[in-house]
Amino acid sequence: MSQASAARSRVRDAAPLFAALGDETRLRLLFRLSSGGPGSITHLSADSPVSRQAITKHLQVLSEAGLVKSSRRGREHVWDLEPKRLADAHQYLDRISQQWDDALDRLKKLVEE
């Protein structure tokens, strides 16, 4: 795989991840799952201005991005965080940060010459 092809593949993988992270309600759900552990729709929608149906749709978006997973416990679906996908987001951001640092270093050297 060429370097350009690998870069396109990373972008295709990262785009749905960051799109899912780009919504306030979904971020609140992730914070809630990370601090309170797995939860049902009832638990996750408690004290939320958003309906249970909307919470379900947001969780489906997060699930499609690989950020959460659901399992069935009795009659309820219980949602849990997928830490690996958050680690992927962290790696993408680290890579971008490093590229910016490298670009700034090159600019600094150019200006200093």
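Among the residues of segment 78-113, those that are closer than 28 Å to Ser63 by Cβ, aliphatic (A, V, I, L, M) and in a helix (DSSP H, G or I) comprise Leu86, Ala87, Ala89, Leu93, Ile96.
Kindly establish whether Ser35 is outside any helix (DSSP H, G or I) and of a type in the set (Gly, Ala, Ser). No, not satisfied. Somewhere in segment 77-94, is a residue on the phi > 0 side of the Ramachandran plot and surrounded by fewer than 13 Cβ atoms within 10 Å (Cβ to Cβ)? No, segment 77-94 contains no residue that is on the phi > 0 side of the Ramachandran plot and surrounded by fewer than 13 Cβ atoms within 10 Å (Cβ to Cβ). Of all residues in segment 38-68, those that are aliphatic (A, V, I, L, M) and assigned to a loop (DSSP other than H, G, I, E, B) total 4. So is Ala20 surrounded by 13 or more Cβ atoms within 10 Å (Cβ to Cβ) and at pLDDT below 85 or not? No. Looking only at residues in segment 68-84 that are at pLDDT 90 or above and out of contact with any strand residue (DSSP E or B) (no Cβ under 7 Å at 6 or more places or on another chain), the one that is farthest from Leu27 (Cα to Cα) is Arg72.
The values are calculated or read from the model by the stated rules, or taken from the named source; none is laboratory data. Just so it is clear, the structure is predicted and the values come from calculations on it, not from any experiment. Don't worry about glycine lacking a Cβ; one is built from the backbone with ideal geometry, like all the others, and counts go over all protein chains shown.
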